[in-house]
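What follows is calculated from the coordinates using simple rules that are stated; it is not laboratory data. In this text the structure is predicted, and so the values were computed from the model without any measurement.
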């Protein structure tokens, strides 16, 4: 139900991200998400839990596209791969922190008792922490460079000038139908959507069943909370290293494939090793947590390579709708009749990783081809650049000065 709420609200919240002050709408959703998570502690039946999960998805729908917009506003194309990797890597930090907190609370309540159940304490603790962070975000984060309280007037102009070469300006509040139509007819939009759909079938399966997987390796439910945390560390390292190397060498697309290959190796270990080899299969699970590198790389491409504010928000919405659909499909591959190995689901995951690697290679080929095409247009006799073209809210396909990040 979480992903149903996310899916239903993804496009409307992207329109609101364009229409409303970016930082304030993002902050509202962070605060509302934390408050909603606290409500989970008050649920007493399945219907209440389902309702809370729906609204958690609804409020989370704004966070990833909002952060992608912040990245495109504040950083040059050459900086965006690493920056996107850094903020997305906090999913890994959350896995580490959440696992340790949940383990500590579970063990502590069993030893010393508590007025309420351990799971309620977990939801209240993390929910209240999120609310506090949301208010901090609201206070410090500006909507754009022009109302950044931590910058002097001349520094605000410098912050805008440094992103001139992005050819994207700093945002536009007006909905433009032609940009929406370009978004839905651009081959790269569908390459992104296809990637999100296929890549998040494994994500939906592993993220929903990782505790069961670890228990199937021979560990207790409490131990599964603790042993799941190194997977978060693998995600953090993979995202930051790939982001750094991609920006340094100018090939973030190809470098991101390494995470998929590492994740594929991990799943092969889980499939191939005997059930008795708990440590080896657990190591395989940790390797699968490198898989988000290409997903995050495409998020950075939405920041870098999709120009025109209406087009950018539309592509981001379509990408994340596909992400939701993949996460809904994923758990269905883990059938109870396949326990404890879940081999059909695991083979499906391996195939998905391979298909995703091919899709990423296609994205690289296509953008390289488009750069050569734009270069030829610029070199043609009679070509003229428009005045202040960098800030006209043109799409990447109508602006021949645009250079796609690779």
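With the biggest extent put first, the Cα atoms of the range 265-331 measure 54, 23, 12 Å across the principal axes. Mean projected area of the Cα convex hull of the range 214-320, taken over all directions, amounts to 7.9 nm². The tail of the calculated P(r) for the range 253-406 beyond 27 Å holds 40 percent of all Cα-Cα pairs.
When the helices in the chain are scored as -39500 (n - 2.57) per DSSP H run of 4 or longer and the sum is shared across all residues, what 222 nm value do you end up with, to the nearest 500 deg cm²/dmol? My calculation for the chain gives -25000 deg cm²/dmol from helical runs alone.
Name the residue, out of 307, 32, 379, whose mean-square fluctuation peaks in a Gaussian network model built on the chain with Cα pairs under 10 Å. Looking only at 307, 32, 379, the biggest GNM fluctuation is shown by 379. Please label the shape of the range 6-145 as rounded, prolate or oblate, based on the square roots a ≥ b ≥ c of the eigenvalues of the alpha-carbon gyration tensor (a/c under 1.5 means rounded; beyond that, a/b larger than b/c means prolate, else oblate). Taking the square roots of the gyration eigenvalues as a ≥ b ≥ c, the range 6-145 is prolate. Once the Cα atoms are used to define both axes, helix 118-140 deviates from the longest principal axis of the chain by about 20 degrees.
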